[in-house]
Amino acid sequence: MNEIEQWRENSSQYLAAALAWLRLRLMRLAQSAQRQVPDMVAGKDQGSCWFFGRKKSREASAPVPDKVTNEMIAEAERAMAEAAQVEPAPPFVILSRRFGLTPFEMEILLLCAAMELDTRIPALCARAQYPGEKAYPTFALAFTLFDDPAWDAVSAERPLRYWRLIEIHQPATTPLTQSALRADERIVNYLKGLNQLDDRLIPFLAPFEVYDDEEARLASSHQNIAKAVESSIRAMATDGRPPVIQLTGIDPVSKQHVAVEVLSRLGLQGYRMPGELLPSQPAEIENLARLWHRESVLLPLALYIESHDSQESGQPVDHLQLSRFLARCGTLTFLDTREPRTGVGLNSPAFDIDKPLAVEQQAAWREALGPESEGAPEQLSAQFNLNLPAIRQIARIVLAESHPDETGLPLSDRIWQACLSRTRPRLDRLAQRIEPKADWDALILPDETLNLLRAITDQVKQRSKVYDEWGFRRKMSRGFGISALFGGESGTGKTMAAEVIANDLCLDL
C-alpha cells in the first residue's frame with residue numbers, strides 16, 4: 001500500500017469512528033428531548049455510510065441500544081482519538097491544523113460533512129431539533145449538541161466562514177443560528193481523501209506552453225536565472241508572506257519554462273492564469289482570491305499570471321484588480337510582464353528573461369538537426385531569434401515531412417522557410433508584404449553601387465562569424481542589426497534593390 005492509499009485508508013477509519021461518535025450524540029440529544037428514535041435512526045435499517053464501501057457499511061450500521069449512555073459516547077470518543085494518532089494523519093486532522101480550527105469548529109464541520117457521508121444523519125438532525133422538520137445542521141443544533149460551544153465560531157473572520165469550509169443558506173427572515181449549514185464540496189472530498197483542485201478555479205486557468213520533457217530542457221543562461229529565482233524565493237520564505245516573482249521580457253514561452261523549472265526545484269505544482277480572465281468586480285476578485293488561497297493550504301501549488309495586455313483578444317488586464325488579487329491570493333506567484341510593475345507588494349523582485357543566447361540557439365539547432373545540419377545552425381541562429389522549444393519543434397516538423405524531395409529544396413532551405421513562417425511579423429494592418437522575385441541580373445546599376453549592395457548581403461551572411469566565432473558579440477552591447485539607406489529619385493531602382501537583397505538572403509520584405 002503506497003502513501004496515498006494509506007492516507008485514504010486512515011481517512012476512512014477516522015471518519016467511521018467520528019460518524020459513530022456523532023450519531024450517538026445526536027441520538028442522546030433526541031432522547032433527552034423525549035422523542036422516539038425509530039429503528040432507522042438506531043441503525044436497524046439499511047441506511048449506511050455509503051462512501052466506505054459495502055463491507056464497512058455493514059460494520060458501521062451495527063445495531064445500537066435504544067438508550068445511549070455517556071459511557072458509550074466516551075468509548076466512541078476514545079476510538080476517534082485513537083484513529084487520529086496514525087501516520088500519515090487523516091485529512092480531517094490535517095485540515096484542522098492548517099486552518100486553525102478549534103475543537104468546537106471541528107465538530108461543526110464534522111456535523112455538516114456527515115450529511116454527505118451518512119444517510120442517517122438528516123433524520124437524526126430532524127429529531128434532535130424543534131420543530132422536527134429541520135433535517136439539516138444549524139449553529140443552534142451545534143450549540144446544543146457539542147460540549148464547550150463558542151459564539152465566535154459563527155464569526156465571518158473565523159476559519160469556518162473565512163475559508164468557506166461551510167456554506168450558510170440563510171433566507172432573508174431566518175436568523176443565522178437557525179439557517180441550514182452545508183459543508184463545501186471541495187472540503188468534503190478532501191475529508192474523504194480526494195485532494196484535487198477545486199473545479200470552480202478551472203475556468204480561470206490554462207495549461208503551460210511546455211509540451212514534454214524534451215522541450216522543457218532549459219538553456220544554460222535560463223538555468224542560471226532559475227537558480228537565482230529559486231534562491232530568492234527561499235530567502236524570502238521566512239517573511240511569512242509569499243513573494244510575487246516578476247518575470248520581465250517579451251518571450252512568454254521562455255518565462256514559462258523558467259517558472260516550471262523553479263517549481264520543479266521547489267516541489268510545487270504550477271497553474272497558469274491569463275490576466276484577462278480575472279473578474280472585474282471586487283467581490284468576485286475577493287471570492288476568487290479566497291478560493292485560491294484555500295487551495296494553496298490544501299495543495300503544494302503556485303500561480304503563474306500573465307499580466308501583459310492581450311493584443312489578440314483586445315481585452316486589457318485591469319491592473320487594479322490584479323493588484324487586489326495578488327494581495328489576497330496568499331500563494332507564491334509568478335507575474336509575466338513586459339516591464340517591472342509597481343503596486344504588487346514589497347516581496348516582488350524582477351528577473352529579466354530573454355530568448356537563449358545566439359550560441360545556445362546555434363547548439364540547439366545543431367542538436368535538433370543532427371549530422372545533416374552542415375552550416376545551417378550558424379545561419380539560422382544569426383538570422384532568427386527563437387526560443388529552444390520553437391527550434392526543436394520546427395526541426396522535428398521539417399525532419400518528419402513524409403515527402404521532402406517533392407519540394408526540391410535541401411534541408412537547410414526547408415528549415416529556413418519554416419523559420420520564416422514561424423517568425424513572420426503581423427504587419428498586415430501596417431504594411432504590405434512583397435514576395436521577392438527579382439535577382440541580381442535584374443539590376444542595371446554602376447559597378448560601384450552594385451558592389452555596395454553585394455557587400456550588404458555579404459555582411460548579413462557573415463554576421464554569425466563576426467559576432468560569434470570572432471567574439472565581437474561579447475565586446476558589443478548594441479548594433480547587431482544592419483540598416484541600409486537608399487537614396488535617389490523615384491524609378492531609379494531602390495525598391496528593386498531591396499527586393500533583390502531580400503531574395504538573395506531569403507528574407508521577408
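The values are calculated or read from the model by the stated rules, or taken from the named source; none is laboratory data. Fair warning: this is a prediction, and the values are worked out from it, not measured in the lab. A quick note on method: Cβ atoms are made from the backbone with ideal geometry, for glycine too, and the neighbour counts reach across all protein chains shown. When the accessible area is computed, the model is the full protein with side chains, heavy atoms only, and any ligands, DNA or RNA have been set aside. Shrake-Rupley method; radii C 1.70, N 1.55, O 1.52, S 1.80 Å.
Measure nothing fancy, just the Cα-based angle from helix 494-505's long axis to the longest principal axis of the chain, in degrees from 0 to 90, nearest 10. Relative to the chain, helix 494-505 is tipped by roughly 70 degrees.
Using the Cβ atoms and a cut-off under 10 Å, what net charge is assigned to the surroundings of residue 107, where Lys and Arg are +1 and Asp and Glu are -1?
Working: positive: 25; negative: 105, 147, 148.
Net local charge, residue 107 excluded: -2.
Computed with a 1.4 Å probe over protein heavy atoms only, the accessible area of residue 169 comes to about 100 Å².
How far apart, in nm, are the 7 Å Cα→Cβ label points at residue 469 and residue 206? The answer from the label model is 4.2 nm.
If only the Cβ of Lys and Arg carry +1 and only the Cβ of Asp and Glu carry -1, the dipole of segment 289-382 around its Cα centre is close to 800 debye.
Take residue 195, project a point 7 Å from its Cα along the Cβ direction, then tell me which residues of segment 12-32 have their backbone nitrogen under 18 Å from it. Within reach of a label on residue 195: 12-15. Computed over the Cα atoms of the chain, the ratio of the radius of gyration to the Kirkwood radius (Rg/Rh) comes to 1.18. The calculated P(r) of segment 356-509, using every Cα pair and 10 Å bins from 0, goes 9, 34, 35, 19, 3 in percent.
Of the whole protein surface, residue 14 contributes about 20 Å² of accessible area at a 1.4 Å probe radius. Across segment 346-401, Cα pairs under 8 Å and at least six residues apart give a relative contact order of 41 percent. Think of the chain as having a plus end and a minus end, set by charges on the Cβ of Lys, Arg, Asp and Glu; of 99, 303, 482, 99 sits farthest toward the positive end of this dipole.
Work out the length of the dipole vector of segment 134-269 about its Cα centre, built from +1 on the beta-carbon of each Lys and Arg and -1 on the beta-carbon of each Asp and Glu, and round it to the nearest 20 debye.
In total the dipole reaches around 360 debye.
The fraction of accessible area contributed by carbon and sulfur in the chain is 51 percent, rounded to a whole number (1.4 Å probe; ligands and nucleic acids excluded). Working from label points 7 Å from Cα in the Cα-to-Cβ sense, the residue 223 to residue 69 distance is 7.1 nm.
Considering only DSSP beta bridges where both residues belong to the chain, give the percentage that are antiparallel (nearest 5). Provide the component values of the computation, followed by the final result.
Values: 5 of 23 bridges.
Expressed as a percentage, antiparallel bridges in the chain total about 20.
Working note: 222 nm ellipticity from helices only, DSSP H runs with n ≥ 4, each -39,500 (n - 2.57), summed and divided by the residues of the chain, gives -14500 deg cm²/dmol to the nearest 500. For segment 62-210, the convex hull drawn through the C-alpha positions has a volume of 167 cubic angstrom per residue. Computed with a 1.4 Å probe over protein heavy atoms only, the accessible surface of segment 202-307 comes to 41 Å² per residue. Between the listed residues 21, 188, 334, the Cα displaced farthest toward the positive end of the dipole of the chain, a dipole computed from Cβ unit charges relative to the Cα centre, is found at 21. Charging the Cβ of each Asp and Glu at -1 and of each Lys and Arg at +1, and nothing else, the dipole of segment 80-138 about its Cα centre rounds to 120 debye.
What's the whole-number percent of alpha carbon pairs in segment 256-356 lying beyond 16 angstrom? Working shown, then result.
On the way: 2939 of 5050 pairs.
Percentage above 16 Å: 58.
Here is the list for segment 99-153: GluC sites (Glu not before Pro) lying in DSSP coil, each with at most 16 other C-beta atoms within 10 angstrom of its C-beta, are 133.
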